[in-house]
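Here's the structure, in structure tokens; my notes come after.
The values are calculated or read from the model by the stated rules, or taken from the named source; none is laboratory data. Since the model is a prediction, treat every value here as computed from it, not as a measurement. Ideal geometry is used to build each Cβ from the backbone, glycine not excepted, and the neighbour counts take in all protein chains shown. What goes into the accessible areas is simple: the full protein's heavy atoms, side chains included, and nothing from ligands, DNA or RNA. Shrake-Rupley method; radii C 1.70, N 1.55, O 1.52, S 1.80 Å.
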Amino acid sequence: MNTSDPRGTGDAGGTRGTGGTRGTRGTGRADDRSDAGRNGDAGGTIGRAFEALYAHDDASLDTAASLLAADRGADAELARRGEEFLRTLWTRGWQPADLVRIARRDLSDEHLRFLSGLVLAETARYETLPHRWRAQLDELDGTPVRPTDRFSSATTVLEAYRLLVRLPRLDAVGPVPGEALPPAAAGEPRMLTRIRALLAKAEATGYPEEAEALTAKAQELMARHSLDEATLAAGAPSPETPGAVRIGVEPPYEQAKAILLDAVATANHCRAVWNEAYGFSTVVGFEADLDPVELLYTSLLVQGTAAMTRAEAEQRAGGRKRTKSFRQSFLLAYANRLGARLAATSRRVASEAPTLLPALASRDLAVTTRTDELFPETRATRVRAAWDEEGWNHGASAADRAGLHPGRRGVEGRD
């Protein structure tokens, strides 16, 4: 499996990756110092306090928090500088969901609420936002941080800012707020609405065969939609180029999840590159394929987790205690088997229109080329997993039950 962690680790047959981060800091220390005398006493306090953002000891942070706590006149400037840090972060390739993912991992709930409020305040000043940003912002908890003593509040702010200025550059996957945006689509495409409805039913049903048929129908719709897009491209070539989206791939069992996402992406004419260090995969593909890939991956992960929980319960009822190795082996087998089945469905649908195969191949080549441009240095990583045969067998069976055999009676055509 290829991973975007620069320390990459070998081959596990699922996802790609790269050293896709550049740089080591956000804003530079010289900028903070130059503001010290420019904004009066508040600027001077901020300049002195912000020295701690680049120090490696908590004593400096405590001193900085004391300075800020003693100077109420610095509060407005402190908030303004936080928004500047965010703006710099956006220009360095980060998006709100990426920041929240890292803050949740490295900081406390209080830091997360503070950063969420800061992000909502900073992004509110833009008339329009890039595609997918609104959905990310809607996920943020905008509840104000509860009042506390000034020293504790200042410490929380500084610890949050220290994270912001130390995050490295990421490869951009879309425009930055304030930049010119492509024309917005009028509502959600009908095909995507149908896929969303099918997968919601698959997740909700208690009958494995119905979930299987619903999921199969969703994948078939995705494959046929790719054919439709290839038809349009073949008839009237457009200047559209592949885009990209980041999808969270977080612990536990993140390697198995990354392999599953790669399988879904590959079967639908996209490429996935896993960044282990920051907990996401970048999926590269034509815009019409990106949202369906995310929808299907999320649904299959929900279905797989539910199947794993049921399998564990059966094992425990039989007196056999199962562990982390059971769960990881289950998800690895689930991802492996589903990858083969998804690919088979896509090949079957494509074979129904052989004249479009050159157009599909051309689009696949464009996606591969764009992936190589974004991630010129990818490396393979080996799955680090304890083996559990029962877990693997149960996972493979669950993938078969989530199988992709369209045309089941009573389900075909239901959307």
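Annotation note: Cβ proximity below 6 Å between a residue of the range 32-55 that is of a type in the set (Phe, Trp, Tyr) and a residue that is modelled with pLDDT under 90 (sequence gap 6+ or interchain) occurs for Phe50/Asp32; Tyr54/Arg29.
This table checks each residue for (1) closer than 26 Å to Glu287 by Cβ; (2) open to solvent by less than 50 Å² (accessible area, probe 1.4 Å).
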site	(1), (2)
Thr128	yes, no
Arg134	yes, no
Asp141	no, no
Pro147	no, no
Val157	no, yes
Ala160	no, yes
Leu167	no, yes
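Against the conditions (1) assigned to a loop (DSSP other than H, G, I, E, B); (2) within 27 Å of Glu250 (Cβ to Cβ); (3) of a type outside the set (Phe, Trp, Tyr), Thr128 satisfies every one except (2). Inspection of the range 110-124 identifies at least one residue that is under 16 Å from Val157 (Cα atoms), under 18 Å from the mean Cα position of the chain (by Cα) and not β-branched (Val, Ile, Thr). When you look at Leu107, is it open to solvent by 40 Å² or more (accessible area, probe 1.4 Å), within 33 Å of the chain's Cα centre (by Cα) and over 21 Å from Trp133 (Cβ atoms), yes or no? It is true that Leu107 is open to solvent by 40 Å² or more (accessible area, probe 1.4 Å), within 33 Å of the chain's Cα centre (by Cα) and over 21 Å from Trp133 (Cβ atoms).
Of the residues making up the range 134-159, just one is of a type in the set (Gly, Ala, Ser), within 26 Å of the chain's Cα centre (by Cα) and over 12 Å from Gly117 (Cα atoms), namely Ala135.
Which of the residues spanning the range 306-356 are outside any helix (DSSP H, G or I) and open to solvent by 60 Å² or more (accessible area, probe 1.4 Å)?
Initially, the range 306-356 is screened for residues outside any helix (DSSP H, G or I), giving 318-323, 352-353.
Matches in the range 306-356: Gly319, Arg320, Lys321, Thr323, Glu352.
Checked against (1) under 19 Å from Arg104 (Cβ atoms); (2) assigned to a loop (DSSP other than H, G, I, E, B); (3) touching a residue at least 40 places away in the same chain (Cβ under 8 Å), Gln136 meets all criteria but (2). Before we move on, is Glu250 open to solvent by 10 Å² or more (accessible area, probe 1.4 Å) and assigned to a loop (DSSP other than H, G, I, E, B)? When the stated conditions are applied, Glu250 passes them. Tell me, yes or no, whether the range 182-191 has at least one residue that is closer than 25 Å to Ser281 by Cα, more than 18 Å from the chain's Cα centre (by Cα) and acidic (Asp, Glu). For the range 182-191, residues closer than 25 Å to Ser281 by Cα, more than 18 Å from the chain's Cα centre (by Cα) and acidic (Asp, Glu): present.
Beta carbons closer than 6 Å, at least 6 apart along the sequence or on distinct chains, pair a first residue in the range 197-222 that is over 13 Å from Thr298 (Cα atoms) and open to solvent by 40 Å² or more (accessible area, probe 1.4 Å) with a second that is part of a helix (DSSP H, G or I) and not aliphatic (A, V, I, L, M) for Pro208/Arg401. Tell me, yes or no, whether the range 273-284 has at least one residue that is part of a helix (DSSP H, G or I), in contact (Cβ under 8 Å) with a residue 40 or more places away in the chain and of a type in the set (A, V, I, L, M). No; the residues of the range 273-284 include none that is part of a helix (DSSP H, G or I), in contact (Cβ under 8 Å) with a residue 40 or more places away in the chain and of a type in the set (A, V, I, L, M). Comparison of Arg87, Arg81 shows that the only residue that is at pLDDT 95 or above, under 27 Å from Leu170 (Cα atoms) and open to solvent by 50 Å² or more (accessible area, probe 1.4 Å) is Arg87. Would you mind stating whether Val173 is in a loop (DSSP other than H, G, I, E, B), buried (at least 17 other Cβ atoms within 10 Å of the Cβ), modelled with pLDDT of 85 or more and hydrophobic (A, V, I, L, M, F, W, C)? In short, yes.
Take Ala74 and decide whether it is aliphatic (A, V, I, L, M), in a helix (DSSP H, G or I), in contact with a Lys or Arg (Cβ under 8 Å, 6 or more places away or on another chain) and crowded, with 18+ Cβ neighbours inside 10 Å. Answer is no for this residue.
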